[in-house]
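Below is one structure, written out as structure tokens; comments come after it.
Derivation of every value follows stated rules applied to the coordinates shown; laboratory data play no part. What you see is a predicted model, and the numbers here were worked out from it, not measured in a lab. For neighbour counting, all protein chains shown are included, and Cβ atoms are generated from backbone atoms with ideal geometry for every residue, glycine included.
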Amino acid sequence: MATTITSLDVRQARTRLDDLTVIDVRTAGEYAGGHIPGALNVPLDRLDEGLPGIRAAAERGPVLVVCASGTRSENACRTLARHGVEAATLTGGTGAWAAEGHDLARPQGSPRAVWAMERQVRFTASLIILLGLALGFFVHPAFLLLSAGICGGLIFSALTDTCGMAVVLGKLPHNRPRAADLDATLARLRSR
């Protein structure tokens, strides 16, 4: 059964911001680089841990799920819907929010901004492809399979709208929230 995802555009979200619980499903590093004011960070790969708090917030009022462009937030909304939690997604994500001239908040004392996940994936894929080509040319032709494998993975990613490389990159330390940060976020969700 297909799930219909409710979406709000930036204008609609901005006018309702005080009434919404905003959940940002990007990595902790992306969130620290700038997020919608008042958004709480529950990374997509930790959504199951955040489910009780998000459910409690949804019982008190509408929930808006955001990411960089809207793809991860749509996936999060589908996951939440499977667990009986109604949520909307922000069309175009924080990218559209910033493009409309709205400010992005940054946590106090946050470290330098981390690249958006899409940028991390493009960089890593390109680097591995170039490495495979160089090793295939200078060391042994079998290394060309490395480049071919990454290209195949990118095609699979485009066809399925999933990204295994993003999952792996999301587990790197700079993309992970500290346990205390996620615990504090979940406590705020339960008490809102």
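Kindly list the number of the only condition in (1) in contact with a helix residue (DSSP H, G or I) (Cβ under 6 Å, 6 or more places away or on another chain); (2) assigned to a helix (DSSP H, G or I) that fails for GLY152.
(1)
Kindly indicate whether any position in region 9-23 is over 27 Å from GLN120 (Cβ atoms), not acidic (Asp, Glu) and not in a helix (DSSP H, G or I).
Yes, region 9-23 has at least one match.
Do you know which of the residues in region 157-171 that are of a type in the set (S, T, N, Q) and part of a helix (DSSP H, G or I) is farthest from ALA28 (Cα to Cα)?
Let us first name the residues in region 157-171 that are of a type in the set (S, T, N, Q), namely 157, 160, 162.
So of that shortlist, the ones also part of a helix (DSSP H, G or I) come out as 157, 160.
Values: SER157: 23, THR160: 25 Å.
Residue satisfying both the conditions and the ranking: THR160.
Condition first: more than 25 Å from GLU100 (Cβ to Cβ) and in contact with a Leu (Cβ under 7 Å, 6 or more places away or on another chain). Now tell me which residues in region 26-48 satisfy that. I'd like the intermediate steps shown before the answer.
The initial filter retains those residues of region 26-48 that are more than 25 Å from GLU100 (Cβ to Cβ), namely 45-48.
Scanning region 26-48 gives a single hit, ARG46.
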